[in-house]
Every structure is written in C-alpha cells, then in structure tokens.
1. Between residue 87 and residue 113, how many nm apart are label points set 7 Å from Cα along the C-beta direction?
2. Counting pairs of alpha carbon atoms under 8 Å apart in space and at least six apart in sequence, what relative contact order in percent does the chain give?
3. Given N residues in the stretch 31-159, what is its alpha carbon radius of gyration divided by 2.2 N^0.38 Å?
4. Return the distance in nm (one decimal) between the two label points of a simple spin-label model at residue 79 and residue 137, each offset 7 Å from Cα along Cα→Cβ.
5. May I ask for the Kirkwood hydrodynamic radius of the chain, worked out over all distinct Cα pairs and given in angstroms to one decimal?
6. Which far-off residues, 5 or more places away or on another chain, put their amide H under 5 Å from the one on residue 235, with H placed in the peptide plane?
7. Which whole-angstrom value gives the distance between the alpha carbon centres of the stretch 59-127 and the stretch 189-246?
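Just so it is clear, none of the values below were taken in a lab; they were calculated from the coordinates. In this text, all values refer to a predicted model and were calculated from it rather than measured experimentally. Glycine gets a Cβ as well: all are built from the backbone with ideal geometry, and neighbour counts include every protein chain shown.
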Amino acid sequence: MKRLIYISFSLLLILAIGCENDDFVYNGDAGIYVSSLMDQSSSNNADSVVFSFKSVDATEDSYPVNMFVHLQGRPSSHDLSFDFEVVDSLTNVPASAYEITNFTLPAGQFNTAVPVVVQKNIEGFDLTEETARVTFKIKDTPDLEQGLSDFQTFSIVWCDFLVRPESWRFIEYYIGPFSQARYKFIIENTGYETFEDYSGNYNMQFWLQGTLIRLLDEYNSNPANEGRPEGWPYLDDDGEPLRFGAGI
C-alpha cells in the first residue's frame, strides 16, 4: 500500500511539472501574514515597529517605515494582490498621516517589503511629546487569504523623540542608563539602533564601551564642536556632561 501511495504521489508531481506555465503554481490555499523583518525565521520578528524622526535627517518631513508580508503556500507565476484595513481602536491618527505604497506580492516571491510613509507633521499632534500609531489588519482578497493568526495585525508607532529600544538592557550596565543624549550619540557615531547581538556577549559589550568612551573624548577635545546644539562638552539630558561606563 505504501508503495502505491508513493507511486501516485510521483505521478502527481509529473503531471504538475507537465502543466503549462508551471514555474510556479498558486494552489488557491495560500495565505499571508505580516511582521517586522524580511527574514521570517528570525526570532526577533515582531508585530510592531517603532520609528523616530530623530534617527533620520532633521529635514525629513516624511519617511517610509517597512513592514513585511510573507506568503504561506507555494509562490505564484503572477503577481498577487493583498490588502489591509485599519484597526480604528488601535489607531490615533487620521489617514492623512500615513500611506501604504505597496499592495503586491511579486510573482515567484515568498516575501515583500511594504513601505508605509509616515508624516512628521500631523494636525493636532506634537510628535516631540507624544507618539502616533496606526494598526493594520490583513484583509482577504481574491488572491490571498489570512495566514498565521498571530501575525495578522501590525502596528507602526512613530514620534520625534528617541525611544528606548527593548534591547538597551543588553548594554545598560556597561554603557549607562537610557537617555535621549546617550542614545543619540550612539546612533550618530556608530549607526547602531538596536543591540540584540550584545546579549550575553561581554567582549562585544566591553568593545562598545571602549569605543564610545574614545569617540566621546574625541568630540569633547575638538574645539570645532563649540556652539553645537549637543553642547561642548557633549551634554546629557540633565545638562551634565555625557558619560559612558560601567555602573553609571
């Protein structure tokens, strides 16, 4: 009996391979889900993302924030359309504050980025003091159904101040407690915004500590920095000189 099953399955494969336009066959049962990373296998995937305009050039009035759509099932030989609806109870901004710029999963692909352009200037909001939020939910379309139930909604939160990343806890002891100034210095001088790779890696934590102390010393010893809004020496949120080190 098992041998017959295997033979039958092989025949089905042969028939499928012999079909016209057989490169990718959409089976009608595929679904999609949405997450924060293109790599759907990453343990760091989440159902939300936080963006700050402080992390980009001050002249930017809008910025694309990505969420990623993933396919469950076989990819198609043609583009597939998906759609979202806004969850009003989890959204605090008008539709003019954001714009989704992609509703298509390209042919042959399992994943695609979905840029959502968010606005810095929103009527009735002061993003230097409060956060904006929009939450999307996947809608069924003729092409695609809903996939993983845990990843059917996705929230984008944005502001114009720096938000403490959850991964700050991995560096806090050796770098210091979170502050706007400390985080801004790290972003501007190293490009690092998250610190998951530092979890349990004390060599990397020591290296980051030493690197930041050196960079801060270079800034503070350069007279060209006098008059900069960050201060000279570089100032922390409380107006005192910024420091990096263990146990601060």
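1. The two pseudo-label positions are separated by 2.5 nm.
2. Relative contact order of the chain: 19 percent.
3. 1.08
4. The answer from the label model is 2.8 nm.
5. 21.5 Å
6. HN-HN under 5 Å from residue 235: 242.
7. 34 Å
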